[in-house]
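Contents: one structure, followed by commentary.
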Amino acid sequence: MPTKTGILREGKSKILHTTEDPNLLIQEYKDAATAFNGIKKGVIVDKGVFNCAISTRIFHLLEAAGIPTHLVEVLNEREQLVKTVEIVMVEFVVRNVAAGSFCKRYGTEEGVLFPEPLLEWFVKSDELGDPHIGRQAIDLLGLSDMATLDEASELTLRVNKLLCEFWKSLGIDLIDFKLEFGRDADGNLLLADEFTPDGCRLWDSETGEKLDKDRFRFDLGDVEASYARLNSLVEQAIPV
Ligand code: C5P
């Protein structure tokens with residue numbers, strides 16, 4: 001069993017611990033919640049437990065469908081053993097329905113269904129507030145080589161297709177989400193980070209009720225209950 005030897009990086013919602021094996025890290029999920037690039041801070045009780053369980057099961061589903069991920073195994077209710085990757089400094093966002101920063105940027109009404117999924121790239125930088133970026137600027141700034149950008153973009157759209165179907169089967173619409181990718185020691189491009197209600201928008205298909213971190217961002221109430229409900233739906237749908 002690998003043990004923690006130090007902290008590689010502590011983020012807003014997770015801690016990456018080093019282990020004796022340089023190719024393996026322990027990813028720990030925290031209850032801390034932040035929004036609007038860290039301006040709003042709080043705690044969602046047991047979020048770390050729900051997110052660890054949700055992300056583990058979703059990554060299993062994706063692996064089974066041929067999407068390579070960094071997940072090795074779940075260690076306990078808050079920690080996963082993951083492969084060390086060199087992270088691509090671009091965040092990959094897919095939108096199926098207009099929401100969030102898209103509406104803010106372009107003055108679009110929330111809830112407008114896109115004719116096809118929209119893929120967007122953002123700079124992975126808390127300091128800069130994760131700004132939207134285009135292909136040429138990614139190349140120019142050396143944030144990713146173009147082959148990696150294309151491969152990760154294609155994987156992101158495949159994930160969208162799989163997860164739209166998955167959530168729809170649970171009576172939930174996948175509105176948008178963010179993914180991160182990295183290369184392992186052997187040069188394989190892997191889906192990294194997480195897939196949790198912190199990094200996606202999920203709306204009840206019947207009522208349109210928001211079930212994700214927007215409940216925390218906009219003080220909609222029942223945040224814990226919503227995460228718990230998503231976790232129990234995922235638990236029933238994806239056995240581990
Ligand atoms: O804020 P925006 O509308 O651009 O977010 C799109 C999607 O990506 C949302 O589901 C949001 O939770 C996720 N996201 C994220 N981390 C970021 C930026 C966006 O998880 N840094």
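Some values worked out for this structure:
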| item | result |
| --- | --- |
| Computed over the chain, Kirkwood Rh from alpha-carbon pairs, angstrom | 18.3 Å |
| Label zone at Leu170, where the point sits 7 Å out along the Cα-to-Cβ direction: region 36-51 residues whose backbone N lies under 16 Å | 47-51 |
| Anchor Lys12: lysines whose Cα lies under 21 Å away (excluding residues fewer than 8 positions away in-chain) | Lys4, Lys30, Lys40, Lys41, Lys47, Lys83, Lys124, Lys178, Lys213 |
| Principal semi-axes in Å for region 86-221 [√(5λ), Cα gyration tensor, largest first] | 26, 17, 14 |
| At q = 0.17, 0.19 Å⁻¹, base-10 log of I(q)/I(0) for region 4-83 (Debye sum, equal scatterers on each alpha carbon) | -0.72, -0.86 |
| Net length gained if the chain between Ser232 and Thr3 were fully extended (0.36 nm per residue, minus Cα distance) | 79.5 nm |
| Label-zone membership for region 211-240, site Asp46, 7 angstrom Cα→C-beta point, backbone N under 15 Å | 222-236 |
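The numbers here are math on the coordinates, done by the rules we state, and not lab data. Quantities reported herein were computed from a predicted structural model and do not represent experimental measurements. Cβ: placed from backbone, ideal geometry, glycine included. Neighbour counts: every protein chain shown.
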